[in-house]
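The values are calculated or read from the model by the stated rules, or taken from the named source; none is laboratory data. Values in this document were obtained by computation on a predicted structure and should not be read as measured data. No Cβ is skipped: glycine too gets one built from the backbone with ideal geometry, and neighbour counts run over all protein chains shown. The area values use the complete protein model at the heavy-atom level, side chains included, leaving out ligands, DNA and RNA. Shrake-Rupley method; radii C 1.70, N 1.55, O 1.52, S 1.80 Å.
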Amino acid sequence: GILLLFMSYKGIYKPSNPKKYIGNPNMIVYRSLWERKFCRYCDTKEHVKRWASEEIAIPYYNPVKRRGAKYYPDFYIEIETKDKPLDKILIEVKPLKETMPPKYKRRTKNVLIAEAMYSQNTAKWRAAEEFCLDQGWTFKIMTEKELGV
């Protein structure tokens, strides 16, 4: 039971429209049920023309490890809208609570871990916003609210 539950959160997504995928369509990894849901959305929605998962590397300074690192946003999509023939968007899928500074009464070990994670994430997201600005793309963080989970 528990092993099966754990294993279902990660896996290889098998696209029904492999031609839309940028990269190897046999190696689309999802790391959460939300990411799997987003893979299905990209794969099946007609206005999503092309998409990729963790295919773009963005250099950033990791404040926790105090060194340069690479950030791979969860998704890159190219969508067609009424306003734009091709909108290019980098997307990070995260639980809402991880997008806000941690709240705490006492600074326990878990709070320190959450603070370090938040600091690392905000550094990644700043780098992604700058990268997208240079490319003329958009950077979006999608939480359970946007995903309708």
**OP:** Tell me the chymotrypsin sites (Phe, Trp or Tyr not before Pro) within segment 57-149 that lie in a loop according to DSSP and have at most 12 other beta-carbon atoms within 10 Å.
**Re:** Tyr104
Subject >> Lysine pairs within segment 50-132, Cα separation less than 24 Å, 8 or more sequence positions apart or different chains >> reply: 19
**OP:** Only Lys, Arg, Asp and Glu count, each charged at its Cβ (+1, +1, -1, -1), so figure out the dipole size of the chain about its Cα centre, rounded to 20 debye.
**Re:** 680 debye
Subject >> Accessible-area composition of the chain, carbon plus sulfur, in percent [1.4 Å probe] >> reply: 55 percent
Original post:
Which value, in Å² rounded to 10, gives the accessible area of Arg107 with a 1.4 Å probe and all protein chains present?
Top reply: 140 Å²
Original post:
For the Cα atoms of the chain, what angle does the longest principal axis make with the long axis of helix 33-44, in degrees from 0 to 90, nearest 10?
Top reply: 20 degrees
Subject >> Alpha-carbon radius of gyration plus Dmax, which is the widest Cα pair, for the chain in Å >> reply: 16.7, 51
Original post:
So between Met100 and Lys37, what do we pick up on full extension, going 0.36 nm a residue minus the alpha carbon distance?
Top reply: 20.4 nm
**OP:** Counting only heavy atoms of the protein chains, get the accessible area per residue of the chain (1.4 Å probe) and round it to a whole Å² value.
**Re:** 66 Å²
